[in-house]
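Okay, so here's the structure we're looking at.
The values are calculated or read from the model by the stated rules, or taken from the named source; none is laboratory data. Here the structure is a predicted model, which is why all the values come from computation and not from measurement. When we count neighbours, we look across all protein chains shown, and the Cβ atoms used for this are built from the backbone with ideal geometry, even at glycine.
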Amino acid sequence: MEITPDIFIYWQWHGLKINATIAITWLNMLLLVLGAWLVTRRMRSNGRLSRGQNLLEVLVSGMEQQIHDMGLAPPREFLPFLGSLFVFVLFSNLLTVIPGYMAPTGSLSTTTALALCVFLSVPLWGIQRRGLAGYLRMYIEPSAFMLPFNIMGEVSRTLALAVRLFGNIMSGSMIAGILLSIAPLFFPVLMQLLGLIVGVIQAYIFAVLAAVYIAAGAQMEQQRETGAES
Amino acid sequence: MLIDWFTVAAQTVNFLILVALLKRFLYGPILSAMDRREQRLVDSFAEAESKLGEAHQLEERYRGLLQELEEARGVRLRQLEEDVEEQRRKLIAIAKEEASEVRQAWATTIRAERAAFFTELKKRVGGEMLKIARKSLGDLANAELEQLMVARFNERLVQLDSDEREKVALAACDSGVLVRSPFALPEGLRQHLADGVRHALGQSVALHYQDHAEMPLGIELTVGGLKLSWGVDSYFEQLEQDVAALYDGQAMISSQERP
């Protein structure tokens, strides 16, 4: 029983290698970019919209609205990062219905990579919004005594983010595999359906948590801006 | 080991590349298309608002024009009504005048007819009465009408005032007396008449006789500018007045029937 697609290595040269996770990620990226390009190359801003454009507009405007609701402003600054997180995770999870497909999100390496991106993006946006001193001051608030706890919290939530996604996706595959061995009919299909729902929910949770962390990093600045406005 | 750090690094790079690619091929075009559409909607609404404003202005303008037109039409209508009334009054006046002229002409005609009728009537009645009187006198009294007339005339001469008698006598001395009658007086009657005149005037005068068939029944003496007559003519005067009254009554009724 394989619990991660990392172990399928197609090509290796010294430290460099191409395993199933990377290959499938590339495939996903290709499909996503190709699909987006096919739709957006014949973009229309008037008259009847194509179905693809309509779908993408609903998706993009929905994500923009969600980001706005999280309190991140302007939403378009955060949309590429958070939107890509959601789209990539969602697409990877949805493709698990294809037999033989192994979701890259079922690899702890992928989820760790994504969590690391979030982990790094929080201080980047925090520093951009509040300045380096302002961001670092956040770790010693309300007192310097809280510094280790704040750091631990930062690391642990990144770890939790990575493990939560990995665990959910991986467990879906695991449960399907286990059920297949004890009840080969019906149950695996139901579990696959359940897996789809779990995949969608996890994609949403991952993106929302990332947005919340980033918002938390830039919160002080926003509060000050809001106060100044009011 | 569940985490392969090379894969982690590769996936991080992959994800960042994906972010860049999606930003280039997905978010950018979609968002700009949405913005363009939104802008165009805003523009369309603004244009529609502006067109609506223009339409309102135009509506106000045309409403004003329509009102002016209505007012002008009312004024013209009143003017026209006044003109028509004036024209009607004129036409009625002309018609009344014409009717009056016609009525006058008709009355004139009636009067002329009446005069002609009376002339004719006098002649005929005179003739007929002469015949009747002559016949009746001849039949009943066995005397001739001429004799009675002469006798009657002589009586009247005698009844004249003395002033009148002097005037007549004075005039008769110069030019004589002209005696006119509708019939030729026989010699006996002429003598009788001459006697009567001589008796009345107190002197003998020359008498000249003329007979005019169209004269009314009677005897007429003309002396210079004076005229003395007796006959049925005086009786005809009353008859003429009666017939004239009858004619006037008829003419009145006709004029009332034809306003």
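The table that follows gives values for the structure above.
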| item | result |
| --- | --- |
| Residue match in the range A:16-23 (condition: in contact (Cβ under 8 Å) with a residue 60 or more places away in the chain, surrounded by 15 or more Cβ atoms within 10 Å (Cβ to Cβ), in a helix (DSSP H, G or I) and more than 7 Å from every other protein chain (Cβ to nearest Cβ)) | yes |
| Test result for B:Asp35, within 14 Å of another protein chain (Cβ to nearest Cβ), exposed (fewer than 11 other Cβ atoms within 10 Å of the Cβ), in a helix (DSSP H, G or I) and acidic (Asp, Glu) | no |
| Residue list for the range A:2-15, filter: facing another protein chain (nearest Cβ under 10 Å) and either touching a residue at least 40 places away in the same chain (Cβ under 8 Å) or in a loop (DSSP other than H, G, I, E, B) (or both) | A:Ile3, A:Thr4, A:Pro5, A:Asp6, A:Gly15 |
| Exclusive hit being at pLDDT 95 or above and assigned to a helix (DSSP H, G or I), set B:Leu41, B:Leu26, B:Leu66 | B:Leu66 |
| Members of the range A:24-47 found to be within 30 Å of B:Val42 (Cβ to Cβ), modelled with pLDDT of 90 or more and more than 7 Å from chain B (Cβ to nearest Cβ), listed by number | A:Leu38, A:Val39 |
| Odd one out for B:Thr108, checked against (1) of a type in the set (Ser, Thr, Tyr); (2) within 14 Å of another protein chain (Cβ to nearest Cβ); (3) within 28 Å of the chain's Cα centre (by Cα) | (2) |
| Residue identified as farther than 26 Å from A:Ala23 by Cα, among the small types (Gly, Ala, Ser) and within 10 Å of chain B (Cβ to nearest Cβ) among A:Ser143, A:Ser61, A:Ser50, A:Ser107 | A:Ser61 |
| Filter pass, A:Ala113 being modelled with pLDDT under 90, under 14 Å from the mean Cα position of the chain (by Cα), part of a helix (DSSP H, G or I) and of a type in the set (Gly, Ala, Ser) | no |
| Check on A:Phe206, touching a helix residue (DSSP H, G or I) at 6+ places or on another chain (Cβ under 6 Å), within 17 Å of B:Val8 (Cα to Cα) and surrounded by 18 or more Cβ atoms within 10 Å (Cβ to Cβ) | no |
| Of all residues in the range A:67-98 being assigned to a helix (DSSP H, G or I) and small (Gly, Ala, Ser), the one that is nearest to B:Leu16 (Cα to Cα) | A:Ser84 |
| The listed residue being at the interface with chain B (Cβ under 10 Å from one of its Cβ atoms) and either modelled with pLDDT of 90 or more or under 17 Å from A:Asp6 (Cβ atoms) (or both), out of A:Leu124, A:Leu120 | A:Leu120 |
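This table checks each residue for (1) closer than 23 Å to A:Glu77 by Cβ; (2) assigned to a helix (DSSP H, G or I); (3) touching a helix residue (DSSP H, G or I) at 6+ places or on another chain (Cβ under 7 Å).
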site	(1), (2), (3)
A:Val118	yes, yes, yes
A:Trp125	yes, yes, yes
A:Gly131	yes, yes, no
A:Tyr135	yes, yes, yes
A:Glu154	yes, yes, no
A:Ala160	no, yes, no
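Every residue, every condition in (1) of a type in the set (Ser, Thr, Tyr); (2) buried (at least 18 other Cβ atoms within 10 Å of the Cβ), yes or no:
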{"position": "A:Ala73", "(1), (2)": "no, no"}
{"position": "A:Glu77", "(1), (2)": "no, no"}
{"position": "A:Val87", "(1), (2)": "no, yes"}
{"position": "A:Asn93", "(1), (2)": "no, yes"}
{"position": "A:Thr96", "(1), (2)": "yes, yes"}
{"position": "A:Thr105", "(1), (2)": "yes, yes"}
{"position": "A:Leu114", "(1), (2)": "no, yes"}
{"position": "A:Phe119", "(1), (2)": "no, yes"}
{"position": "A:Arg129", "(1), (2)": "no, yes"}
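Condition check ((1) closer than 19 Å to A:Gly47 by Cα; (2) more than 8 Å from every other protein chain (Cβ to nearest Cβ); (3) surrounded by fewer than 13 Cβ atoms within 10 Å (Cβ to Cβ); (4) of a type in the set (Gly, Ala, Ser)) across all residues:
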residue	(1), (2), (3), (4)
B:Phe6	no, no, no, no
B:Ala10	no, no, no, yes
B:Arg24	no, yes, no, no
B:Leu31	yes, no, no, no
B:Gln39	yes, yes, yes, no
